[in-house]
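Asks: Below: one structure in structure tokens.
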Amino acid sequence: MHLQGPSPPRPRGARLDPAAAQALLARRGARATRARVDVLAVLLAAPEALSHHDVERRLPRGHDIDRVTLYRVLEWLTAQGLAHKVAADDRVWRFSATGGGASGAHAHFQCSDCGRIVCLEQSTVPAIALPAGFRRSEVEVTVKGTCDACHG
Ligand SMILES: [Zn+2]
Ligand SMILES: [Zn+2]
């Protein structure tokens, strides 16, 4: 349990669309629990990949989800292919609903100033040939630099 301070203001630009989240879950034939809908709506509204903590902060007022459930829902969304996760330099997983594809299908940008991770969905990850007998489990391509908010 962490200390509950006054809740911080909702980050700008995060307009939640629970109906869109519900539709995506319905398309999977998955049960649309409130936690799944809320978490997926938060991911869908974010232009960048979010850590557990980021998701927590963006949940609609009065829709708090305990930490265990939040972890479970994020892993479930990832397993369903509705989200993917990226590990940053700080080894914190960040989740994104964009792309809808498997992790590694696109490159990511990581800002070395603010730590923000953005999906670069227009860029596909090049096919990298492996030596005979090697098997890949995942491919991550991350471009590092400073984001538009930091280098201005
Ligand atoms: Zn930045
Ligand atoms: Zn991504």
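Asks: Which residue fluctuates the most in the chain, going by a Gaussian network model with Cα springs under 10 Å, if the choices are ARG91, ARG34, ARG136?
Replies: In this elastic network of the chain, the residue with the biggest mean-square fluctuation among ARG91, ARG34, ARG136 is ARG136.
Asks: Here's another thing I want to ask about it. What's the extension gain from ARG67 to SER112 if we count 0.36 nm per residue and subtract their Cα-Cα distance?
Replies: Values: separation 45, 0.36 × 45 = 16.20 nm, distance 2.74 nm.
Full extension from ARG67 to SER112 adds 13.5 nm.
Asks: Going by a ≥ b ≥ c, the root eigenvalues of the Cα gyration tensor, does the chain fall in the rounded group (a/c under 1.5), the prolate group (a/b larger than b/c) or the oblate group?
Replies: Oblate shape, in that a/c is at least 1.5 and b/c is the bigger or equal ratio.
Asks: On to the next question. For the chain, find the longest principal axis of its Cα atoms and tell me its angle to the long axis of helix 34-45, 0 to 90°, nearest 10.
Replies: 60 degrees
Asks: Evaluate the distance, in nm, between pseudo-label points positioned 7 Å from the Cα of ASP89 and of HIS151 along their respective Cα→Cβ axes.
Replies: About 1.5 nm separates the two model spin labels.
Asks: Next question. Summing Lys, Arg as +1 and Asp, Glu as -1, what charge do residues with Cβ under 11 Å from the Cβ of GLN110 carry, GLN110 excluded? Mind showing how you got there, number by number?
Replies: On the way: positive: ARG94, ARG116, LYS144; negative: GLU48, ASP89, ASP90, ASP113, GLU140.
Around GLN110, the charge tally is -2.
Asks: With unit charges on the beta carbons (Lys and Arg positive, Asp and Glu negative) and the dipole taken about the Cα centre of region 18-145, which residue among ILE117, ALA132, PRO18 sits farthest to the positive side?
Replies: PRO18
Asks: Right, another one. May I ask you to derive the FRET efficiency for ALA23 and ALA129 from their Cβ-Cβ distance with R0 = 30 Å, giving the value to the nearest 0.05? Walk me through the numbers on the way to the answer.
Replies: On the way: r = 39 Å, r/R0 = 1.30.
Plugging the Cβ-Cβ distance into 1/(1 + (r/R0)^6) gives 0.15.
Quick note: the coordinates plus some simple rules give every number you see, no bench work behind them. Remember, predicted model here, so these are calculated numbers, not experimental data. As a convention, Cβ positions derive from the backbone with ideal geometry for all residues, glycine included, and neighbour counts pool all protein chains shown.
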